[in-house]
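For reference, the structure is listed below as structure tokens.
The values are calculated or read from the model by the stated rules, or taken from the named source; none is laboratory data. Predicted model, so just to flag it, every value in this text is computed and none were measured. Glycine gets a Cβ as well: all are built from the backbone with ideal geometry, and neighbour counts include every protein chain shown.
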Amino acid sequence: MDVIWLNCGAEPLSPVIPTHPRVRVVDQFRLTAGDLGAVSGLVSGTLLDQDAMLVLRPALEAFLDRGGRWFFNGHFLRPMIAGIKPFRPIRQPRRADLSQTRLAPHPIFAGIEIAQLETNKGVAGFYGRGCNPLPEGAIPVTGLGEALVPVDWVWARPGGGRVFSHAGNDLDQLGREWNLGPLLQGRIIDWAGGGPCLCA
Amino acid sequence: MRLIATSCGTYYHIETLEGPRYAACFDEIIRPEEIGLRLEPGDCLFVPCRSPAQRMIPQAPAIARHLALGGTVIAMGESGSETWLPGLRFTPRPTNWWWWLEAGADLGVQIENRHHPLMAGLEKQDVTWHLHGHFDPPEGCEVLLRDRDGLALLYIDEVSTPGRILVTSLDPVYHHGSHFMPATTRFLDRFLPNLRRWLG
């Protein structure tokens with residue numbers, strides 16, 4: 001098992017996750033530097049305790065330096081690794097500000113139409129309402145509105161490893177009308193475990 | 001009275017509790033695990049919405065001691081407060097995020113006592129976004145918000161313990177901190193300063 005899916009909340013995980021052969025579910029309170037040293041992938045959700053993660057910054061950066069991959073859902077508000085900046089919301093977004101554009105063909109979204117993720121029963125905003133600003137060298141994957149606010153990006157760190165930032169509700173919880181959860185969970189795990197990504 | 005908030009380090013707790021809009025409302029921000037060490041009998045403990053219940057349940061004894069000594073606890077929604085506070089009976093309900101799409105829709109939230117200091121300046125639209133469930137308060141409690149069927153959404157309990165419990169199923173801290181649902185910001189704009197004045 002080479003991917004840690006971090007459990008930070010009380011709700012039970014989708015059955016796809018703990019039964020995936022590559023996944024080890026770890027309660028955030030039990031996450032140690034040793035855990036990060038033993039895996040090559042990490043998936044965290046919007047309930048991530050960023051204060052606790054900040055304490056593990058050296059281990060997290062060492063994990064990435066070794067080529068590790070971190071799939072991050074939510075808003076960066078603590079400097080858990082060097083190079084990230086605090087979430088920037090879209091001020092008073094209108095519907096048009098939440099329309100999505102695919103900016104790069106990331107494998108996680110292969111075959112998934114924008115319309116399947118853009119709204120939740122016709123209501124926009126669940127996907128994301130701003131961005132974690134692009135680190136230098138990051139590639140925007142999904143843009144919001146006319147300004148193409150980079151709600152999703154992937155970053156091949158100069159020091160090694162990759163970070164995928166989805167600055168909204170947990171990606172694997174979206175697209176429920178089309179039951180996209182299991183597909184997205186599998187793809188997120190594959191990516192975190194070193195699967196296909198954009199060309200470096 | 002000091003207003004002490006717990007933060008679970010989630011992005012929405014950080015944004016709401018530490019952001020410039022409301023930071024001055026709180027005297028101190030602590031982790032749930034520090035409740036037993038940092039809370040003084042005269043303090044008011046503020047547990048924001050979407051605090052994972054598994055972090056609050058181990059603090060139940062410390063919270064019970066605080067109430068036994070006459071302390072005050074504010075428990076916001078979606079934190080499983082019925083699992084770590086005495087005397088709570090909560091009935092969850094599926095959340096209808098789309099009720100407002102119907103023409104003329106009215107969620108039916110009612111301010112029971114407009115003259116209560118905690119409700120000062122609040123209008124119906126400021127307490128209306130969606131519902132996660134209702135409470136069955138012990139006899140003698142004061143209900144401030146009800147749903148269309150008269151079920152309690154926010155009430156004050158000064159009968160179950162020597163202390164005072166304010167509990168609600170509303171979750172404004174999460175949504176304001178997520179930059180989602182402007183009504184939640186309007187609610188906190190009034191409720192938090194009202195709370196400070198009410199606590200004295």
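Overview of results
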{"read-out": "Top-ranked residue in segment B:54-88 [being small (Gly, Ala, Ser), within 14 Å of another protein chain (Cβ to nearest Cβ) and not in a helix (DSSP H, G or I); ranked as surrounded by the fewest Cβ atoms within 10 Å (Cβ to Cβ)]", "value": "B:Gly80"}
{"read-out": "Residues of segment B:10-24 that turn out to be surrounded by fewer than 22 Cβ atoms within 10 Å (Cβ to Cβ), outside any helix (DSSP H, G or I) and within 14 Å of another protein chain (Cβ to nearest Cβ), as a count", "value": "3"}
{"read-out": "When residues of segment B:119-129 are limited to those that are surrounded by 18 or more Cβ atoms within 10 Å (Cβ to Cβ) and either modelled with pLDDT of 95 or more or within 14 Å of another protein chain (Cβ to nearest Cβ) (or both), the one nearest to the chain's Cα centre (by Cα)", "value": "B:Met119"}
{"read-out": "Selection count, segment B:163-185, where residues are at negative phi, touching a residue at least 12 places away in the same chain (Cβ under 8 Å) and assigned to a loop (DSSP other than H, G, I, E, B)", "value": "5"}
{"read-out": "Conditions (1) in a strand (DSSP E or B); (2) touching a residue at least 40 places away in the same chain (Cβ under 8 Å); (3) away from chain B (no Cβ under 14 Å): number failed by A:Leu6", "value": "(3)"}
{"read-out": "Matching residues in segment A:90-109 - criterion: being free of Cβ contacts under 8 Å to residues at least 60 places away in the same chain, surrounded by fewer than 18 Cβ atoms within 10 Å (Cβ to Cβ) and in a loop (DSSP other than H, G, I, E, B)", "value": "A:Arg91, A:Gln92, A:Arg94, A:Ser99, A:Leu103"}
{"read-out": "Counted residues, segment B:25-53 - those being touching a Phe, Trp or Tyr at 6+ places or on another chain (Cβ under 8 Å), among the hydrophobic types (A, V, I, L, M, F, W, C) and either part of a loop (DSSP other than H, G, I, E, B) or modelled with pLDDT of 95 or more (or both)", "value": "3"}
{"read-out": "Flag for B:Ala105 being within 14 Å of chain A (Cβ to nearest Cβ), farther than 30 Å from A:Pro86 by Cα, surrounded by fewer than 22 Cβ atoms within 10 Å (Cβ to Cβ) and of a type in the set (A, V, I, L, M)", "value": "yes"}
{"read-out": "Per-region count, segment A:48-89, residues among the basic types (Lys, Arg), out of contact with any strand residue (DSSP E or B) (no Cβ under 8 Å at 6 or more places or on another chain) and either within 11 Å of chain B (Cβ to nearest Cβ) or not in a helix (DSSP H, G or I) (or both)", "value": "3"}
{"read-out": "Pick from segment A:61-81, criterion touching a Lys or Arg at 6+ places or on another chain (Cβ under 9 Å) and exposed (fewer than 15 other Cβ atoms within 10 Å of the Cβ), ranking: nearest to A:Pro135 (Cα to Cα)", "value": "A:Pro79"}
{"read-out": "Any hit, segment A:170-179, residues being on the phi < 0 side of the Ramachandran plot, of a type in the set (A, V, I, L, M), surrounded by 22 or more Cβ atoms within 10 Å (Cβ to Cβ) and not in a strand (DSSP E or B)", "value": "yes"}
{"read-out": "Unique residue being modelled with pLDDT under 95, within 17 Å of B:His132 (Cβ to Cβ) and more than 14 Å from chain A (Cβ to nearest Cβ) when the list is B:Arg93, B:Arg114", "value": "B:Arg93"}
{"read-out": "Residue that is nearest to the other protein chains (Cβ to nearest Cβ) [pool: residues in segment A:115-137 that are surrounded by 13 or more Cβ atoms within 10 Å (Cβ to Cβ), over 17 Å from the mean Cα position of the chain (by Cα) and hydrophobic (A, V, I, L, M, F, W, C)]", "value": "A:Val123"}
{"read-out": "Matching option when the condition is farther than 20 Å from A:Trp155 by Cα, in contact (Cβ under 8 Å) with a residue 12 or more places away in the chain and crowded, with 18+ Cβ neighbours inside 10 Å, among A:Ile84, A:Ile17", "value": "A:Ile17"}
{"read-out": "Test result for B:Asp149, closer than 22 Å to B:Pro94 by Cβ and in contact with a Gly (Cβ under 9 Å, 6 or more places away or on another chain)", "value": "yes"}
{"read-out": "Search result, residues across segment B:146-200 that are among the basic types (Lys, Arg) and within 30 Å of B:Leu69 (Cα to Cα)", "value": "B:Arg146, B:Arg164, B:Arg190, B:Arg196, B:Arg197"}
{"read-out": "Count of residues meeting criterion [more than 20 Å from B:Leu3 (Cβ to Cβ) and in contact with a Lys or Arg (Cβ under 7 Å, 6 or more places away or on another chain)] in segment B:152-177", "value": "2"}
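Residues are listed down the side, and each one gets a yes or a no for (1) in contact (Cβ under 8 Å) with a residue 60 or more places away in the chain; (2) closer than 27 Å to A:Gln28 by Cα:
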position: B:Ala24; (1), (2): no, no
position: B:Ile29; (1), (2): no, yes
position: B:Pro32; (1), (2): no, yes
position: B:Leu37; (1), (2): no, yes
position: B:Cys49; (1), (2): yes, yes
position: B:Arg65; (1), (2): no, no
position: B:Arg93; (1), (2): no, no
position: B:Trp98; (1), (2): no, no
